[in-house]
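K.L.:
Supplied in structure tokens, the structure appears directly below.
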Amino acid sequence: MVLVEKTVEILRKCPLCDSCLGRQFALLGKGVTNSARGRALKLIAVMELHQRHLSGDEQARKCLEELAGNGVVFAATILGKEVTERGCFICRGLMSRLDELARQALPELEQHEYSTFLVGVKMHGDYVEREDKLRAEFQLEYGESIKGEFTREVGKRLAALTGKKADLEKPDMIIIFNLVENRVEITPMPLFIAGRYRKLVRGIPQARWICTECGGRGCERCNWSGKMYPTSVEELIAEPILRAAKGLEAKFHGAGREDVDVRVLGNGRPFVVEVKCPRIRQLDLEELAKTINQHAKGLVEVTGLKYGDRKLVRRLKLMSERSPKKYRAVIEVEGPVSHEDLRKLEEYFKDRVIEQYTPRRVLHRRADKLRRKKVYEVEVKPIGERMFEALIKCQGGLYVKELISGDEGRTTPSFSEMLGRSARCIELDVVEVGGEV
Ligand SMILES: [Zn+2]
Ligand SMILES: [Zn+2]
């Protein structure tokens with residue numbers, strides 16, 4: 001059926017605004033709005049009927065009358081009579097309020113810094129139901145959804161009003177028009193800042209550690225701080241970032257973690273800080289690094305701050321498992337060790353697979369399971385008769401203290417096992433973490 005006949009057929013039965021009519025043919029013709037499509041269809045339909053009417057076609061006159069009340073004002077002009085217009089069957093006037101609705105989002109949007117946004121809509125199901133009913137009745141197959149048109153058109157208006165860009169992939173801001181509750185919901189997407197940290201002293205946990213005695217309420221043991229340690233890598237890095245971005249909450253993600261008594265030196269460990277609901281997104285990252293480093297007063301140091309995204313957080317987890325790490329350990333042995341012992345140790349642990357059950361010291365919070373991790377290389381240097389230093393390059397996720405002690409046979413082979421004497425790690429530093437952020 002030709003478009004014009006279809007249009008007349010629909011409009012005789014159903015009052016539709018320009019947008020809702022045009023939307024039923026949205027896939028036909030490009031570069032025009034549905035409103036322009038609808039208006040064009042109505043105009044052509046009316047011109048066609050007018051022509052037939054002028055040549056004496058009574059049926060055409062009747063059609064014009066029907067259309068006049070169903071959203072086609074210019075049909076009424078031809079007939080020279082007043083008609084009471086019926087509201088649009090599908091949108092009930094919604095599509096004529098787009099400018100007004102877009103403006104409703106402005107006051108809150110102005111409080112945020114952002115460059116891109118994505119528009120969404122929550123509307124009553126009956127809009128879609130009415131549209132579906134119309135499409136089924138008139139076998140319309142070139143339409144798009146009312147939600148699709150609404151979000152695109154409101155997005156265009158917002159872009160014009162704010163000078164910001166719509167972005168479907170990675171928006172800074174999500175703007176939901178909740179038509180059910182008649183409000184606009186604005187959610188800034190999290191901001192991700194990545195970098196590497198060095199932990200220059202022992203005695204600081206990576207994550208904030210809630211006091212096990214009081215569960216964070218504050219007690220004598222924790223000196224009423226609610227924490228086991230006064231500070232943590234997390235607090236020292238995430239708090240200044242949170243303040244700078246004026247967000248609600250900050251989450252710290254590290255590529256693996258070190259024990260409280262282990263330093264992180266060398267190139268440092270990759271991390272990402274995720275700031276929820278940031279008001280500021282354009283940060284001077286160099287300045288921010290300085291602030292963090294000054295505030296951390298030689299405890300922790302960050303380098304190479306840059307912007308990241310959610311994917312990076314996932315990559316960080318994989319990185320901690322897969323990337324090689326290098327440790328420096330100071331080891332004390334029960335009884336003297338010879339140069340020959342140490343040379344054998346180096347040789348033996350070249351590309352050696354270690355079988356390791358969850359260390360006893362973390363069993364209370366981790367499931368007991370067997371890991372197989374590789375030691376790539378061990379380089380040793382004697383310090384005294386019963387002490388030596390080892391540079392250990394291994395796969396991420398290996399428990400190094402247990403590689404040395406053997407953890408009562410739960411890690412095998414181990415340094416203790418190889419030396420035939422109990423060995424113990426008395427100092428440990430991470431000196432290299434592989435992987436890029
Ligand atoms: Zn409508
Ligand atoms: Zn406490």
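K.L.:
Pick from Leu101, Leu94, Leu118, Leu109: which is within 22 Å of Ala166 (Cβ to Cβ), over 31 Å from the mean Cα position of the chain (by Cα) and among the aliphatic types (A, V, I, L, M)?
P.N.:
Criteria check complete, one pass: Leu94.
K.L.:
Among (1) out of contact with any Asp or Glu (no Cβ under 9 Å at 6 or more places or on another chain); (2) within 16 Å of ligand 1 (Cβ to nearest atom); (3) touching a residue at least 60 places away in the same chain (Cβ under 8 Å), where does Gly143 come up short?
P.N.:
Failing condition for Gly143: (1).
K.L.:
Glu153 - would you say it is in a strand (DSSP E or B), acidic (Asp, Glu) and either touching a helix residue (DSSP H, G or I) at 6+ places or on another chain (Cβ under 6 Å) or exposed (fewer than 15 other Cβ atoms within 10 Å of the Cβ) (or both)?
P.N.:
On the way: in a strand (DSSP E or B): no; acidic (Asp, Glu): yes; either touching a helix residue (DSSP H, G or I) at 6+ places or on another chain (Cβ under 6 Å) or exposed (fewer than 15 other Cβ atoms within 10 Å of the Cβ) (or both): yes.
In short, no.
K.L.:
Which fully enclosed strands (runs of 3 or more DSSP E) of the stretch 353-437 have 3 or more residues being more than 43 Å from the chain's Cα centre (by Cα) and not assigned by TED's automatic domain parsing to the domain that holds Lys306?
P.N.:
So the answer is 370-382.
K.L.:
Of these, Gly420, Gly397, which one is without any contact (Cβ under 8 Å) to a residue 40 or more places away in the chain, in contact with a helix residue (DSSP H, G or I) (Cβ under 9 Å, 6 or more places away or on another chain), surrounded by fewer than 19 Cβ atoms within 10 Å (Cβ to Cβ) and not aromatic (Phe, Trp, Tyr)? Outline the logic, then answer.
P.N.:
Values: Gly397 fails: without any contact (Cβ under 8 Å) to a residue 40 or more places away in the chain.
Matching residue, one of Gly420, Gly397: Gly420.
K.L.:
Sticking with this structure for a sec: So, in the stretch 222-234, of the ones that are surrounded by fewer than 22 Cβ atoms within 10 Å (Cβ to Cβ) and of a type outside the set (S, T, N, Q), which residue ends up nearest to ligand 2 (Cβ to nearest atom)?
P.N.:
Once the filter is applied, the top-ranked residue is Cys222.
K.L.:
Here's a follow-up. Just the residues that are part of a helix (DSSP H, G or I) and more than 22 Å from Thr116 (Cβ to Cβ), please, taken from the stretch 257-287.
P.N.:
Glu286, Glu287 - these are the residues of the stretch 257-287 that are part of a helix (DSSP H, G or I) and more than 22 Å from Thr116 (Cβ to Cβ).
K.L.:
Looking only at the stretch 402-417, how many residues end up being crowded, with 21+ Cβ neighbours inside 10 Å and of a type in the set (Asp, Glu)?
P.N.:
Total meeting the criteria: 1.
K.L.:
How many residues, within the stretch 309-353, are among the β-branched types (Val, Ile, Thr) and either surrounded by fewer than 13 Cβ atoms within 10 Å (Cβ to Cβ) or free of Cβ contacts under 8 Å to residues at least 60 places away in the same chain (or both)?
P.N.:
Of the residues in the stretch 309-353, 1 are among the β-branched types (Val, Ile, Thr) and either surrounded by fewer than 13 Cβ atoms within 10 Å (Cβ to Cβ) or free of Cβ contacts under 8 Å to residues at least 60 places away in the same chain (or both).
K.L.:
Please identify the pairs in which a residue from the stretch 74-102 that is without any contact (Cβ under 8 Å) to a residue 40 or more places away in the chain has its Cβ atom under 6 Å from the Cβ atom of a residue that is within 16 Å of ligand 1 (Cβ to nearest atom), counting only partners at least 6 apart or on another chain.
P.N.:
Partner pairs satisfying both residue conditions: Ala75/Leu67; Val83/Gly69.
K.L.:
What residue, among those in the stretch 1-25 that are more than 18 Å from Phe74 (Cα to Cα) and surrounded by 24 or more Cβ atoms within 10 Å (Cβ to Cβ), is farthest from the chain's Cα centre (by Cα)?
P.N.:
Filtering first and then ranking leaves Gln24.
K.L.:
How many residues does the stretch 100-130 hold that are assigned to a helix (DSSP H, G or I) and either under 27 Å from Arg279 (Cβ atoms) or more than 16 Å from ligand 1 (Cβ to nearest atom) (or both)?
P.N.:
10
K.L.:
Of all the residues that make up the stretch 63-99, how many are within 16 Å of ligand 1 (Cβ to nearest atom) and among the polar types (S, T, N, Q)?
P.N.:
Residues that pass the stated criteria total 2.
K.L.:
Determine the pairs where a residue that is in contact (Cβ under 8 Å) with a residue 40 or more places away in the chain and outside any helix (DSSP H, G or I), located within the stretch 10-32, has a partner that is among the small types (Gly, Ala, Ser) and away from ligand 2 (no atom under 16 Å from the Cβ) with Cβ atoms under 6 Å apart, the partner being 6 or more residues away or on another chain.
P.N.:
Partner pairs satisfying both residue conditions: Pro15/Gly71; Leu16/Gly71; Cys17/Gly71; Gln24/Gly143; Ala26/Gly143.
K.L.:
Filter the stretch 321-341 for residues that are part of a helix (DSSP H, G or I) and more than 25 Å from Asp259 (Cβ to Cβ) and give the result. Working first, answer last.
P.N.:
The first filter runs over the stretch 321-341 and keeps only residues part of a helix (DSSP H, G or I), leaving 321-322, 339-341.
Listed by number, the residues that qualify are His339, Glu340, Asp341.
K.L.:
With Ile280, Ile292 as the choices, which residue is among the β-branched types (Val, Ile, Thr), surrounded by fewer than 20 Cβ atoms within 10 Å (Cβ to Cβ) and under 28 Å from the mean Cα position of the chain (by Cα)?
P.N.:
Details: Ile292 fails: surrounded by fewer than 20 Cβ atoms within 10 Å (Cβ to Cβ).
Checking each option against the conditions leaves just Ile280.
The values are calculated or read from the model by the stated rules, or taken from the named source; none is laboratory data. All figures in this text were calculated on a predicted structure; none of them were measured in a lab. Note that each Cβ is placed from the backbone with ideal geometry, even for glycine, and that neighbours are counted across all protein chains shown.
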